[in-house]
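Reading through the structure tokens given below for one structure.
The values are calculated or read from the model by the stated rules, or taken from the named source; none is laboratory data. Owing to the predicted nature of the structure, the values given are computational and were not obtained by experimental measurement. Cβ coordinates were reconstructed from backbone atoms using ideal geometry, including for glycine residues, and neighbour counts include every protein chain displayed. For accessibility, only protein heavy atoms count, side chains too; no ligands or nucleic acids. Shrake-Rupley method; radii C 1.70, N 1.55, O 1.52, S 1.80 Å.
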Amino acid sequence: MSQPMPPAPGWQPQIPMAPPEPQIPPAPPVPQVPIAPPAPQVPMPQQAAPADPAGYVTAPVAAVQPGPEPAVPLLTLDYVSAGYGQFRALFDVSFAVPMGCAVALLGPNGAGKTTVARVCSGLVQPTNGAIYLGHQEITGMPAHELRRLGIAHAPEGRSVFASLTVEENLLLEFRSSLGKTGAPAALERAYSWFPRLRERRNQIAGTLSGGEQRMLSLARVLADLPRLLIVDELSLGLAPIIVDEVFETLDTIRSQGCTLVVIEQHVNKALELADRVVILQKGRVVYDGPTDELGDLVGQLIPGL
Amino acid sequence: MPLLAAESISKHFGGIAALVGVDLNVEPGEFVGLVGPNGAGKTTLFNCLLGILKPNRGRVFFRGRDLSRMPMHARARLGLGRTFQRLEVFSGMTVRDHFLVADRSRRKKGGLFGDLVGQGTPTRREDARAEAVGELLGLTELLDVPVDSLSLGHARLVELGRAVLTEPKLLMLDEPSSGLDRVETMEMARVLQSVQAERGTAILLVEHDLEMVSLVTSRLYVLEFGEMLATGPTPQVLAHPVVRRAYVGDVA
Amino acid sequence: MSRAVSIWPASADPIGSTKSGLVAAGTAGPGWARGNSKIVNDVVGLIVGGLALGCVYALVATGVVLTYKTSAVFNLALGAQAFTAAAVMYSLRNNLGLPLILSFVVAVLIVGPLLGLGLYVTLFRRLRNVPEAVRLVVALGVLILLPAIVQALWFGKGGNRGSPPALVLEQDKVYAWGPVSIPADQLSTILFTILVVVGLVALFKYTNLGLQMRAVVESPRMVQLAGINADRVSMISWMLSGTIAALGGVLLAPLFLSITPSNYTILLVAAIAAAVFGRLTSLPLTLVGGLALGFLQQALSRYLPSDSVLAQGLRPSLPFVVLFLLLLFWPGLRDRREVTDPLAGVDPPASSIAGTVRASKDTSKVLPLTLGTVVIVALCLLLPGIWMYRITGAIVLSTIFLSFTVLTGMAGQISLCQAAFAGAGAYGAAQLANHFNVPIMVGLLVGGLVGLAVGMLISLPTLGLRGIYLTLATLAFTLMVDQIVFPLEQVGGGPAGLEVPRPYWSGFIDFSDDRAFFLLCVAALAVAALVVWLVRRGTTGRFLDAIRGSETGAASIGINPSRAKITAFALSALIAGVGGVLLSSWQQRTSAGDFGVGNSLLWALVVIILGARTIKGALAGGFLLVLFPELLKAAGIPNPEAWQGVVFGLGTFVFVRHPEGLVDAIGGWYQRHFGRPERTTEEVRRIVTIDLSEPEPPAGNGASSPQAPYTAGVGPLPDTAGAVAGTAGGGSYRYAQAGSGPPQPPSMPAPPSFGGT
């Protein structure tokens, strides 16, 4: 990010109301060195407090209970085991996601990262253990109820309804979370960030290019910012230049109070963004801590880096 | 004569031009890369080259023959191998069976009569050929494992091995590193290099992973907005300022 | 003995009643043409009559489209749902004498949606991740089950207390505007249809629920991620389609004058044709298709001379012909690819009907198996005559069922026209024997070739059709052949049927004795089984496996999918043809209906439920189908044929859990509990993982870099990401074990857990 960003083909400027504060200093030449701000050990709800001009953050953030102890993490996994049919993919996974943080979930293929994401969003039910959202136990709750509690999950791969139009994709999401009255405004917000989507509002989403589909799935979650956003391989199949912008978008929404769980193959990018890192291997947590304490362990824990 | 020759391909969907007068050649035994931003038309070009889409203008020749009206299995018989970005493995079959089927398909075996007189069981030679490819790809230990239980990286290698066993003249690979982690990507790169070196197969690689591209390809095409932005030896192309601005961004 | 295997309990011959029903609807129905000016009234009557019939077709067709659009199930069971509602309505109104409105409310507004909901909750809810073929078989099972239950429980031999009630306040009232006069019942049919179609179009176009329904069909999991209760949406759509089907059923009843399952099969096929006309998505096109079919049928029954052979066959079977032609020529159906669910991997995939059964190289079982077979065959020879006769029948049916093993178990195609192949063979051989004195031994060969020819005839034009459409084409083909071709004097011998001798050739070869014929059938079964076994192990079997796994992938290595599929069809039809000759020779005569649509459906259901993958499954099917009705009869159960349908239909509930087939499922269960432990896939996987697991890190440095060369885990496919990581976990967790120590309490910002020494 040391050089000025050229206009990206296809990827329109993100959230316009992003505070221009330079959160991330110019990237040092060695990418391994974590450059994220010091890990916030304390949740940072105050960062979320100032409502942005469009006023769209207020609803979800206001829903966060202040809680008696400020240190309660937004999401807690407590000895969670899970699997598919006979297969067990996760073994006693425990970690916590502090409020307002970005947590990178790293590990080799098949380590169970996607399963963790699915467990957090309710797509896969744990066979053992418990999950908490703040103080509330959410173990066993179906995905659609968790979405209403503010956990959004942008799954791996194509995550748009290919047979619906762009606008229908957006409306489906907005109507369920904001009701019929709030949906048009959210639609407008989504279009104002991604004008490309407005151009293609009546196009069938399956005919969009890969980058546009990613745009659409981001627009779906962003126009009504959740408390917790889980993104799984958001940059898969995107050109490097667009990957950068995706990460900037994530950084911006984090600064607006949205807690993030990020699964990424671009480990360096994820480390730049994340405050904390959880590394999985073969279904178990092998590292859980602040990014800047990771040091050169990362090279040992994630082969090939 | 180039092995694969595409001459001024144009393709539009409705009013949107996806490709505008694109040329592309692959010489025998060459390792060529094709990169470009999302929506630049890579997939469209790839499908035009394979004859899956019919270009509005221009033609595609493979070994001097027009591909566009040829069904996929006929193209394979002509020596055009390919892998898929979304896996197309034969679920339920072992790795060895994948290789056996490909091998038999190439040798045009498959008659009902042969099966009835008991020629269906794999011979020692067929096994040896399967094992040789298994070794080339580093899949020796996994030969008898059902493909469904392989990791994505291994499954991609199986697809590659399956294509290699049909002894193609040209392999067309659609984002083989997609979904692979670093280790797997580098392993894929190594295997591709040895396939090209040991079997003399030409390879056309569509890929986002620039590290892999710069490692394996000797020549590179860069596509942007449906037009060919640059072509030439890989290092020079990747270093070119225009390419860097359009595609690479700040990542070297 | 000729009706040993019938599924239509009330009317032994489904087609017979069909014909009378439709002819009645066309010519003698209430108020089709009333008036003085003949020509005007002819046309008006034609239009009005066609409109009413077409509306009913269109109504059920919208139900088909609705379930397909919202749950990806091609619901053949809608015909049975319509029948059930009509039967309930008739029982309440005519037999119990309840008021019309009350009967309507119960039959259409209560039974209809509840039936749809019940089917969804008990069966189709779990079928999200199964291949389309499995869903189709389940729907087929329900199509057989529901009418059987209705008839076994209370509807016995159909209603006989007057004609079915029409949905009008005043029976026999006619509304007239100038030359146009419409009987009230037809007017109400038209109005109901308009109401439903307009309502549905509005639902899909303008409401949020409609949007959610369209999304659910693509990926219920993704719909959940949008905060929507996908299960609730599916339930609503099933209740809605159930109501529509019930309404269609109740409206159809007065048009046909009688309520029989076969009438509703015609309704179903006509509705499917209309839905296919709408490409299974467009409701307006579906409406047009249904109306056009109604008009066409009305015009045919009026203007074709009623005594011509063509008219006799064509008139009632018009929907089948239209469906078949639509499937062949209607653009947009070929090479149609369904949108896949990106989150399909979240729910573990079920096993499939077809499967790779690769026999091991272990030959130690061959000898005991052969010896055992010989002993059993010898013991059978000692049985009393009638039982040996029945067992012969079972063996003959098993031979026919091996044709499913090829086509369904290996090629993965569900064909509903195997009985047509068998019938073609049987009639061919019988006609040759009767007219040209060709001995049946030769006839066996000829029968096989005739079957093969018919198989090619159906497989060539349907090559481009995938899955569901191919199955529908075979269904339409069976119905056509059954209605138009087999009843012909020159084919099936007309109403009298044909004498079929036992194989006999001038004293040298004589199988006319039951014992000798039994041995011949055993030999035929053994040869057919050997062929199936060889083909499955051979190149053809492997190519078919590959095509089933991924047709695109197979084509990419030079396998010609069309050729392989034709081969499978041809071989399957050959086996069925030979089996058909044996079946008719076993009964020593054959009549229309032996190879009718009823048997086609029942055979497919029984074989697939028991297991189309294995030879064992075919054997089990043959024996069950012949011996089970005998057991029911022996037990003195009334209406045994209905109960047989109930039992086989209930097999669907087992099938939903074990699509690989009951025989395989029992075998697996036995193996797990009593058998010699065999390496399961998971175990093989684990072994491999252990072999490959990374080298132990040097002692004293728990954090040494894992230099594992690309053995990061015998992980899963992307769909089941992480699925295998657990079982593959024979590898090392040394970092975690060495480092993390006792698990941390959950709610705290955890310190780095790595290297916590």
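The residues of the stretch C:116-268 present an accessible area of 35 Å² per residue when probed at 1.4 Å with all protein chains retained.
From helices alone, chain B scores -11000 deg cm²/dmol at 222 nm; the rule is -39500 (n - 2.57) for each run of n ≥ 4 DSSP H residues, then divide by the residue total.
Relative contact order, whole percent, for chain B stands at 28, derived from Cα pairs under 8 Å and 6 or more residues apart.
Residues of the stretch C:187-223 that bury at least 30 Å² of accessible area once all protein chains are present, compared with their chain alone (1.4 Å probe, heavy atoms only, ligands and nucleic acids left out), are C:N208, C:L211, C:R214, C:A215, C:E218, C:R221, C:M222. Taken across both chains, chains B and C shield about 3800 Å² of accessible surface from a 1.4 Å probe. In the stretch A:102-136, which residues give up 40 Å² or more of accessible area once the other protein chains are added, compared with their chain alone (1.4 Å probe)? Flagged in the stretch A:102-136: A:N109, A:G110, A:R118, A:L123. Membrane-span-like helices in chain B, defined here as complete DSSP H runs extending at least 15 Å along the helix axis by their C-alpha atoms with mean Kyte-Doolittle hydropathy no lower than 0.5, are B:152-165; this is a sequence and geometry rule, not a statement about a membrane.
Please report the buried accessible area for the interface of B with A, total over both chains, probe 1.4 Å, in Å² to the nearest 100.
Values: alone 12260 and 13580 Å², together 24110 Å².
Protein heavy atoms only, the B-A interface buries about 1700 Å².
Residues whose amide H lies under 5 Å from that of A:V277, counting only those 5 or more places away or on a different chain, are A:A104, A:G289, A:T291; hydrogens are built 1.01 Å from N in the peptide plane. Annotation: C:S459 carries an accessible surface of approximately 0 Å², with a 1.4 Å probe and no ligand, DNA or RNA atoms counted.
Here r is the Cβ-Cβ distance between C:L445 and C:V647 and R0 is 35 Å; the resulting FRET efficiency, rounded to 0.05, is 0.45.
Leaving out ligands and nucleic acids, note down the accessible area per residue over the stretch A:45-301 with a 1.4 angstrom probe, in whole Å².
Numbers: 7340 Å² over 257 residues.
Accessible surface, normalised per residue, equals 29 Å².
Across the stretch C:413-426, coupling constants 3J(HN,Hα) worked out from phi with the 6.51/-1.76/1.60 Karplus curve, θ = phi - 60°, read 9, 9, 10, 9, 10, 5, 5, 5, 4, 4, x, 4, x, 4 Hz, and Gly and Pro carry x. Per-residue Karplus couplings for the stretch C:195-205, computed as 6.51 cos²θ - 1.76 cosθ + 1.60 with θ equal to phi - 60°, are listed in order as 4, 5, 5, 4, x, 5, 4, 5, 4, 6, 7 Hz, Gly and Pro entered as x. Model label points for A:E145 and B:D66, set 7 angstrom from Cα along the Cα-to-Cβ axis, are 6.3 nm apart. With a simple spin-label model that places each label point 7 Å from the Cα along the Cα-to-Cβ direction, the separation between C:L530 and C:I194 comes to 6.9 nm. The figure for C:W387 is an accessible area of roughly 100 square angstrom, using a 1.4 Å probe on the protein chains alone. Taking a 32 Å limit on the Cα-Cα distance, which of the listed pairs A:K282/B:K108; A:K180/B:K42; A:K282/C:K365; B:K11/B:K169 fall beyond it? Beyond 32 Å: A:K282/B:K108; A:K180/B:K42; A:K282/C:K365. A straight chain from C:A176 to C:V374 at 0.36 nm per residue would run longer than the Cα-Cα distance by 63.6 nm. Shown is the FRET efficiency for C:L114 and C:Y206, computed with R0 = 22 Å from the Cβ-Cβ distance and rounded to the nearest 0.05: 0.20. When the other protein chains are added to the chain by itself, burial of at least 10 square angstrom of heavy-atom accessible area (probe 1.4 Å, ligands and nucleic acids ignored) affects these residues of the stretch A:233-271: A:L236, A:G237, A:L238, A:A239, A:P240, A:I241, A:I242, A:D244, A:Q265, A:K269. For the stretch C:388-607, the per residue solvent-accessible surface stands at 27 Å², with DNA, RNA and ligands left out and a 1.4 Å probe.
Summarising the amide proton neighbourhood of C:V500: residues at separation of 5 or more, or on other chains, whose placed amide H is nearer than 5 Å comprise C:R589, C:T590. Computed with a 1.4 Å probe over protein heavy atoms only, the accessible area of C:C417 comes to about 0 Å².
One quarter of the surface of the convex hull around the alpha-carbon atoms of the stretch A:192-243 equals 4.1 nm², the direction-averaged projected area.
Distance between the modelled labels on B:N47 and C:R232, one decimal in nanometres: 3.8 nm (7 Å Cα→Cβ projection). Taking amide H positions as modeled 1.01 Å from N, with prolines and chain starts lacking one, the residues under 5 Å from A:R88 and 5 or more places away or on another chain are C:G726, C:T727.
First compute the accessible area of the stretch C:388-607 with a 1.4 Å probe, then give the percent of it belonging to carbon and sulfur atoms.
On the way: 4110 of 6030 Å².
Here carbon and sulfur together make up 68 percent of the probe-accessible area.
C plus A alone minus the pair: what accessible area, both sides summed, probe 1.4 Å, in Å² to 100? Interface between C and A: roughly 5100 Å².
Along the stretch C:534-543 the Karplus relation, 6.51 cos²θ - 1.76 cosθ + 1.60 evaluated at θ = phi - 60°, assigns HN-Hα couplings of 5, 5, 5, 6, x, 4, 4, x, 5, 4 Hz to successive residues, with x for each Gly and Pro. When the accessible area of the stretch B:90-166 is computed with all protein chains present and a 1.4 Å probe, what percentage of it is carbon and sulfur? C and S fraction of accessible area: 51 percent.
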